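*Asks:* What follows is a single structure, and I will ask about it in a moment.
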Amino acid sequence: MNLKSKIRSVLKKEYGNFETTLEHQYEDKLTENLIEGPLSKRKEWATYNQVVLELKHSLKDILRVKELQYKLTDDGDPNEIVIEAIEEVKTFTPELERLYYKIKNF
């Protein structure tokens, strides 16, 4: 199994089946950013995905998850996009707060 297949397999376990066009676009963008480019960028994308998972599993904010996935598939600055999304959250979990400051320091 190659690296791309392994990443997609792990994503499927966390997210379930990717069914919509948006979900497939996010999966493609995340996968390519976790495989290609400098290590620092790959670590950043792993962190952005941790934010998405925190919103999904801990806060159960599926609407915000979809919005963040959509914005991350765009060509904007992912740091700004994720920081803005976190700042809009009304209830911070300790993990979300940790991720927020980690991203602020990228």
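The values are calculated or read from the model by the stated rules, or taken from the named source; none is laboratory data. Note that the structure is a prediction, hence the values are computed from the model and not measured. Note: ideal-geometry Cβ built from the backbone for every residue, glycine included; neighbour counts use all protein chains shown.
*Asks:* Please find, within region 27-38, the residue that is surrounded by the fewest Cβ atoms within 10 Å (Cβ to Cβ) out of those that are farther than 17 Å from Gln50 by Cβ, at pLDDT 90 or above and not hydrophobic (A, V, I, L, M, F, W, C). Break it down stepwise before answering.
*Replies:* Filtering region 27-38 down to residues farther than 17 Å from Gln50 by Cβ leaves 28, 32, 35-38.
Filter once more, keeping what is at pLDDT 90 or above: 28, 32, 35-36, 38.
When the remaining residues are screened for being not hydrophobic (A, V, I, L, M, F, W, C), the result is 28, 32, 36, 38.
On the way: Asp28: 14, Glu32: 13, Glu36: 10, Pro38: 8.
Looking at residues that are farther than 17 Å from Gln50 by Cβ, at pLDDT 90 or above and not hydrophobic (A, V, I, L, M, F, W, C), I get Pro38.
*Asks:* Scan region 13-51 residue by residue and report those that are in contact with a Phe, Trp or Tyr (Cβ under 9 Å, 6 or more places away or on another chain) and of a type in the set (Val, Ile, Thr).
*Replies:* Across region 13-51, the qualifying residues are Thr47, Val51.
*Asks:* Look through Lys102, Lys43 and report the one residue that is touching a residue at least 12 places away in the same chain (Cβ under 8 Å) and either surrounded by 14 or more Cβ atoms within 10 Å (Cβ to Cβ) or within 12 Å of the chain's Cα centre (by Cα) (or both).
*Replies:* Result of the check over Lys102, Lys43: Lys102.
*Asks:* Right, something else. Which pairs turn up if I take residues in region 8-36 that are farther than 17 Å from Arg64 by Cα and look for partners that are hydroxyl-bearing (Ser, Thr, Tyr) with beta carbon separation below 7 Å, at least 6 apart in sequence or on another chain?
*Replies:* Close Cβ pairs (under 7 Å, with a partner that is hydroxyl-bearing (Ser, Thr, Tyr)) amount to Arg8/Thr31; Lys29/Thr73.
*Asks:* Just to verify a result, which residue in region 72-94, among those that are surrounded by fewer than 17 Cβ atoms within 10 Å (Cβ to Cβ) and under 15 Å from Asn33 (Cα atoms), is nearest to the chain's Cα centre (by Cα)?
*Replies:* Only one residue tops the list, namely Asn79.
*Asks:* Looking only at region 31-50, decide whether some residue is over 20 Å from Arg8 (Cβ atoms) and either touching a strand residue (DSSP E or B) at 6+ places or on another chain (Cβ under 7 Å) or among the charged types (D, E, K, R) (or both).
*Replies:* Among the residues of region 31-50, not one is over 20 Å from Arg8 (Cβ atoms) and either touching a strand residue (DSSP E or B) at 6+ places or on another chain (Cβ under 7 Å) or among the charged types (D, E, K, R) (or both), which makes the answer no.
*Asks:* A further question follows. Considering only helices (runs of 4 or more DSSP H) fully contained in region 49-106, which possess at least 2 residues that are at pLDDT 95 or above, under 18 Å from Thr20 (Cα atoms) and touching a Pro at 6+ places or on another chain (Cβ under 7 Å)?
*Replies:* It comes to none.
*Asks:* For region 11-26, enumerate the residues that are modelled with pLDDT under 90, surrounded by 10 or more Cβ atoms within 10 Å (Cβ to Cβ) and part of a helix (DSSP H, G or I).
*Replies:* Within region 11-26, Leu11, Lys12, Glu14, Tyr15 meet the criteria.
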